[in-house]
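The values are calculated or read from the model by the stated rules, or taken from the named source; none is laboratory data. If you're wondering where the values come from, they're calculated on a predicted model, not measured in any experiment. Cβ placement follows ideal geometry from the backbone for every residue including glycine, while neighbour counts extend to all protein chains displayed.
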Amino acid sequence: MAENKQSSLNLSGINAAIIMDGNGRWAKRNAINVTSGHEKGVDVVRKIVESAAKAHLESLSLYAFSTENWSRPKKEILGIKKLIISAIDSQVPELINQKVRLNFFGDYSSFGNDVVDAIEQAESVTASQESRLKLNIALGYGGRADIIEAAKLISTDVKLGKLPVEDISNETFFKHLKAPINELDLLIRTGGDHRISNFLLYHLAYTEIQFTDTLWPDFTEEEFIKCLEAFSNTERRFGKRTL
Ligand code: FPP
């Protein structure tokens, strides 16, 4: 049923993103440790990526770890670090098969050289292929830090005389931001909270936002397809009058 619906969805050119929230509460509810909750979260990532490729999305950006998440307990961060490495090891062959191009963005150097090396390797082996879907993973990412860094780079270009102040535009910002997308069309947040949590702040100007109470480990392909269908039935006016 979901499979039939899926095949009729064609969201080419659409950039979607997900704030995957609720792993901790799901773990608590199921009386297991938080790392096992994140592990279940990675299983869901695999299914949703497959679904996103079938729906012909241009890109899917996932908020895996924010700048604020560094203040979590060391044990949890170590669990996430191990999960990132094992997810890359086990999933990259499948991503190549599905023609998915992987790209990590944010400051993830504090996870250590083993993570940085695994990421660089995964990006390079998925880079050359004609991609069906761009999968962007935000790791050590914060929207404010992204904007501040872009402002610094732009100011340097102005100071060096490479960029006249009056030429600073939206495109200038997109070019200097770390997030590898321009306009964000759809944002989904799981886990019941109605907030943005410092995700793609600059990109959210005209984004359609959907919130669901479902905890990320319980989020299914069926619910994802329903979100995509609701998005494709939305009239986007971008501030213009259409009546
Ligand atoms: C949000 O749930 C989840 C995270 C902060 C971590 C998610 C990270 C992964 C699933 C690993 C991803 C790795 C790859 C390579 C995709 P939460 O712990 O904030 O949940 P809570 O709000 O219920 O506590």
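Go through region 52-109 and give me each residue that's over 18 Å from Ala16 (Cβ atoms) and among the polar types (S, T, N, Q).
Ser66, Thr67, Asn69, Ser71, Ser86, Ser90, Gln91, Asn97, Ser109, listed by residue number.
Can Phe231 be described as modelled with pLDDT of 95 or more, within 20 Å of Leu9 (Cβ to Cβ) and in contact with an Asp or Glu (Cβ under 8 Å, 6 or more places away or on another chain)?
Yes.
State all residues of region 117-138 that are closer than 16 Å to Lys99 by Cα, of a type in the set (A, V, I, L, M, F, W, C) and over 15 Å from the mean Cα position of the chain (by Cα); if no residue qualifies, say none.
Ala122, Val125, Ala127
Being of a type outside the set (D, E, K, R), assigned to a helix (DSSP H, G or I) and within 11 Å of the ligand (Cβ to nearest atom) is true for just one of Ala151, Ala138, Ala145, Ala118. Which residue is that?
Values: Ala151 fails: within 11 Å of the ligand (Cβ to nearest atom); Ala138 fails: assigned to a helix (DSSP H, G or I); Ala145 fails: within 11 Å of the ligand (Cβ to nearest atom).
Criteria check complete, one pass: Ala118.
Taking the condition away from the ligand (no atom under 15 Å from the Cβ) and touching a residue at least 60 places away in the same chain (Cβ under 8 Å), does Ala64 pass? Give the derivation first.
Numbers: away from the ligand (no atom under 15 Å from the Cβ): no; touching a residue at least 60 places away in the same chain (Cβ under 8 Å): yes.
For Ala64, the condition - away from the ligand (no atom under 15 Å from the Cβ) and touching a residue at least 60 places away in the same chain (Cβ under 8 Å) - is not met.
Check off (1) under 29 Å from Leu228 (Cβ atoms); (2) at pLDDT 95 or above for Trp70 and give me the number that stays unchecked.
So Trp70 meets the others, but not (1).
What pairs can you find where one residue is in region 74-87 and at negative phi and without any contact (Cβ under 8 Å) to a residue 12 or more places away in the chain, the other is surrounded by fewer than 16 Cβ atoms within 10 Å (Cβ to Cβ) and not in a helix (DSSP H, G or I), and their Cβ atoms are less than 8 Å apart, with a gap of 6+ or different chains?
Taking only residues 6 or more apart or on different chains, not a single pair turns up.
Anything in region 9-26 that is within 9 Å of the ligand (Cβ to nearest atom), over 14 Å from the mean Cα position of the chain (by Cα), touching a residue at least 60 places away in the same chain (Cβ under 8 Å) and on the phi < 0 side of the Ramachandran plot? List them, or say none.
Applying the first criterion (within 9 Å of the ligand (Cβ to nearest atom)) to region 9-26 yields 19-26.
Still in the running and over 14 Å from the mean Cα position of the chain (by Cα): 22-26.
Filter once more, keeping what is touching a residue at least 60 places away in the same chain (Cβ under 8 Å): 22-23, 25-26.
Once the filter is applied, which keeps residues that are within 9 Å of the ligand (Cβ to nearest atom), over 14 Å from the mean Cα position of the chain (by Cα), touching a residue at least 60 places away in the same chain (Cβ under 8 Å) and on the phi < 0 side of the Ramachandran plot, region 9-26 yields Asn23, Arg25, Trp26.
Checking the structure you have, find out if any residue of region 155-165 is among the β-branched types (Val, Ile, Thr) and either at positive phi or touching a residue at least 12 places away in the same chain (Cβ under 8 Å) (or both).
Let us first name the residues in region 155-165 that are among the β-branched types (Val, Ile, Thr), namely 156, 158, 165.
Within this subset, residues satisfying the condition of being either at positive phi or touching a residue at least 12 places away in the same chain (Cβ under 8 Å) (or both) are none.
No, that holds for no residue.
Scan region 137-149 and tell me whether some residue there is exposed (fewer than 15 other Cβ atoms within 10 Å of the Cβ) and small (Gly, Ala, Ser).
no
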